[in-house]
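Worksheet: the structure to be examined is printed underneath.
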Amino acid sequence: DATTGLTDHSRIIVIGTGGNRCTYSDNNGISWTAGGNIGATPKRIIWINGGTPRFLVTRGDDNVAHSTNGVAWTNHTGTATLANSGLAAINGGTTIGMSTLDDGTLRVSTDGAVSWSSAAIVPAYPDLDEAGTVVGNGGSYVYHVGRLDSGATLQVARSATPQTSLSWTVQLDIEAPSGTTFLSQ
């Protein structure tokens, strides 16, 4: 996964396996420098601009780590985000996390990803092929995308109420081209 961050979005951070599990570039990807050690293999990364600006990663052990610069990371154990299928930053620093678990529950944090609680159920649950994913850009909306009908359709929905209860509006159903299906989230 990858994101841009810092106040002017000048730093690109890419996460993955091996070494410190992250690298960064301050010159549009021309050269790269090893970032600090994240710990467990990261799954998703976002930049949170509200509250205390920071990079946030979810890790394979269901915990999170944050960094203000992508070099020095603070690990939060026992946070149980279960947000390994997507992260969305909403205005004011609220963060929404999507789990790959098939229970359809989103997780929400309003304190910079220190603590998490269960939020709403994703739209179209339990008719989805899998949990789907969420995204956000620090604005007023969180978006969810999920597969329906064995991959025949992608459904895009959004919520303008990123609190502990999300109210979803379907924005678009995208049909797969004839004879094909969408294979994964």
When residues of the stretch 41-59 are filtered for being open to solvent by 30 Å² or more (accessible area, probe 1.4 Å) and either touching a strand residue (DSSP E or B) at 6+ places or on another chain (Cβ under 6 Å) or among the acidic types (Asp, Glu) (or both), how many remain? 2
Looking at this structure, is THR4 touching a residue at least 24 places away in the same chain (Cβ under 8 Å) and either in contact with a Ser or Thr (Cβ under 9 Å, 6 or more places away or on another chain) or of a type outside the set (Ser, Thr, Tyr) (or both)? yes
How about the stretch 139-161: which of its residues are touching a residue at least 40 places away in the same chain (Cβ under 8 Å), open to solvent by less than 30 Å² (accessible area, probe 1.4 Å) and assigned to a strand (DSSP E or B)? VAL142, HIS144
Within the stretch 10-69, residues under 19 Å from GLY112 (Cβ atoms) and of a type in the set (D, E, K, R) come out as ARG11, LYS43, ARG44, ARG54, ARG59, ASP62
Residues of the stretch 73-88 satisfying the condition of being modelled with pLDDT of 80 or more and either crowded, with 20+ Cβ neighbours inside 10 Å or assigned to a loop (DSSP other than H, G, I, E, B) (or both): TRP73, LEU87, ALA88
Could you tell me which residue of the stretch 54-72 is nearest to the chain's Cα centre (by Cα), considering only residues that are part of a loop (DSSP other than H, G, I, E, B) and of a type in the set (S, T, N, Q)? ASN63
Hey, any hits in the stretch 7-26 for a residue that's open to solvent by less than 60 Å² (accessible area, probe 1.4 Å) and touching a His at 6+ places or on another chain (Cβ under 7 Å)? no
Across the stretch 95-138, what is the total count of residues that are under 17 Å from ARG158 (Cβ atoms), in a loop (DSSP other than H, G, I, E, B), open to solvent by 10 Å² or more (accessible area, probe 1.4 Å) and modelled with pLDDT of 80 or more? 1
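The values are calculated or read from the model by the stated rules, or taken from the named source; none is laboratory data. Remember, it's a predicted structure, so these values are computed and weren't measured experimentally. Glycine gets a Cβ as well: all are built from the backbone with ideal geometry, and neighbour counts include every protein chain shown. In case anyone asks, the SASA skips ligands and DNA or RNA and just uses the protein heavy atoms, side chains included. Shrake-Rupley method; radii C 1.70, N 1.55, O 1.52, S 1.80 Å.
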